[in-house]
1. Ala178 versus (1) over 21 Å from the mean Cα position of the chain (by Cα); (2) over 30 Å from Tyr328 (Cα atoms): which is the lone unmet condition?
2. Somewhere in the range 129-151, is a residue without any contact (Cβ under 8 Å) to a residue 60 or more places away in the chain, among the polar types (S, T, N, Q) and surrounded by fewer than 21 Cβ atoms within 10 Å (Cβ to Cβ)?
3. So in the range 356-382, with the set limited to residues that are closer than 11 Å to Gln61 by Cβ and of a type in the set (Phe, Trp, Tyr), which one is surrounded by the fewest Cβ atoms within 10 Å (Cβ to Cβ)?
4. Quick test of your reading of the structure: Glu208 fulfils all but one of (1) at pLDDT below 85; (2) part of a helix (DSSP H, G or I); (3) over 24 Å from Met125 (Cα atoms). Name the failing condition by number.
5. Kindly indicate whether Thr184 is over 30 Å from Pro326 (Cβ atoms) and polar (S, T, N, Q).
6. Could you count how many residues in the range 125-147 are among the basic types (Lys, Arg) and closer than 21 Å to Gly187 by Cα?
7. Criterion first (over 19 Å from the mean Cα position of the chain (by Cα) and surrounded by 24 or more Cβ atoms within 10 Å (Cβ to Cβ)) does Thr279 satisfy it?
8. Taking only pairs six or more apart or across chains, which ones have beta-carbon atoms under 7 Å, a first residue in the range 276-298 that is at pLDDT below 90, and a second residue that is assigned to a helix (DSSP H, G or I) and of a type in the set (D, E, K, R)?
Amino acid sequence: MTPPTTAIGSASGAGSAAVSPALAIVMLALLLSIQPVTTDVYLPALPALTRDLHAPVSMGQLTLSALLLAFGCSQLLWGPLSDRFGRRPVLLAGLGAYAVASIGSVLAPTIAWLVFWRVVQGAAMGAAVMCARAIVRDLYTPLAGARAMSRALSGLGMIAALCAPVGGLLTEWLHWRAALLVCTLYGCATLALIVLRLPETLVRRNPEALRPPVLLRTWALVLRSPVFLSYSLLACATFGGLFTFLAASPFIFIEVLGLSRAEFGLSLFSISLCYLLGTLLCRRLLGRFGLRRTVALAGGLSLAAGLLMLLAAWLGAHSVRTLLPPFYLFMLGHGIHQPCAQVGAVSPFPQAAGVASALNGFMMMMVAFATGAWLGRALDGSVWPLVHGVLLWAVATSAIAWTLVQRHGEPGDA
């Protein structure tokens, strides 16, 4: 259950570099965490910034859904670039652009400018998350990669648990722009660490990776893989449930159910802890049951969450105390599904991990964008859009976990 104990060598330019297993996990955790930092820290501020910038709810939602659309689409470019030039140059370019866009978000004078800078921010953070998933494939075999990913996502869970409370408190005490400033500080700190400590992990670059015919053939190869499709659909479904909660809950919990921004931040803190527990549970289950059976068990948690939330709403128990606990089960399952799905999707493609990671991320963000667009129209001052959305994705997650993953989801060590 531990990463390799030897230093990991990689070719970079004329020489080679090495990164310790512990440092690799820390770097992966920081890179993967840029997504929840960018989204979760400003969620408690979302209603306030929408009012402050005199924008409709749909435009407030667009600051999140447009960011995720750019995040998904950009990975289609970052992936081949990283296969051609290596992970490190792509990370440096992406994190540099992320820092600039974060400053622009803090200073945005209108909702239109905020949406613009959030789009740039999303495109830039695509480099960080895509490269993190590809680095896992560079350094580990599939089963070891799932364990390493669960460790990195445990770190993500700890960082994500702090984001919403910090964002809520900064919004209460200072201003919603102070919450967005957290993204700037995080991006700059991560960029500095990458510059100083992370060597290149891609030993053999692919000089043909950016040629259109080669790229099209690689995309076709990846998209025809039943292993890739099974795990990518699983990742999309479980992320769809999480995104439904993240996009709908600020308006429902704060505006409809009456939570303060600080209290809402604490509620997000609690679901992040459940996600963290799920990643820890994932490592235990992988060691005992293997990849497919672990995913099947987590599918039961996902389905139970959706059904219990529906039952609470159907009985008229429309409160945070009745709607939040069922989602804890969903987050436990999510903490198991995501490490398995993200590693499983790229595992068949050691020479095209960047492209596979990019397509996986693109699919997830298309689901998020479509969900955000639906919620922008569906939010009606009741809890039902949240309940119906979580139920839909819970059923989809369990169905994929119990069918496609069981049939095609044993990638084997490559």
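1. Condition (2) is where Ala178 drops out.
2. First pass over the range 129-151, keeping only residues without any contact (Cβ under 8 Å) to a residue 60 or more places away in the chain: none.
Scanning the range 129-151, I find no residue that is without any contact (Cβ under 8 Å) to a residue 60 or more places away in the chain, among the polar types (S, T, N, Q) and surrounded by fewer than 21 Cβ atoms within 10 Å (Cβ to Cβ), so the answer is no.
3. Of the range 356-382, the ones closer than 11 Å to Gln61 by Cβ are 369, 371-379.
Next cut, of a type in the set (Phe, Trp, Tyr) only: 369, 374.
Numbers: Phe369: 22, Trp374: 18.
Result: Trp374.
4. Of everything listed in (1) at pLDDT below 85; (2) part of a helix (DSSP H, G or I); (3) over 24 Å from Met125 (Cα atoms), Glu208 misses just condition (2).
5. On the way: over 30 Å from Pro326 (Cβ atoms): yes; polar (S, T, N, Q): yes.
Answer is yes for this residue.
6. Going through the range 125-147, the residues among the basic types (Lys, Arg) turn out to be 133, 137, 147.
In the following step, the residues that additionally are closer than 21 Å to Gly187 by Cα were identified as 133.
Within the range 125-147, residues that are among the basic types (Lys, Arg) and closer than 21 Å to Gly187 by Cα number 1.
7. Values: over 19 Å from the mean Cα position of the chain (by Cα): no; surrounded by 24 or more Cβ atoms within 10 Å (Cβ to Cβ): yes.
No; evaluated as a whole, the condition is false for this residue.
8. Correct list of pairs: Arg283/Arg147; Leu286/Arg147.
The values are calculated or read from the model by the stated rules, or taken from the named source; none is laboratory data. Given the structure is predicted, the values throughout are model-derived calculations rather than measurements. Cβ atoms come from the backbone with ideal geometry, glycine included; neighbour counts cover every protein chain shown.
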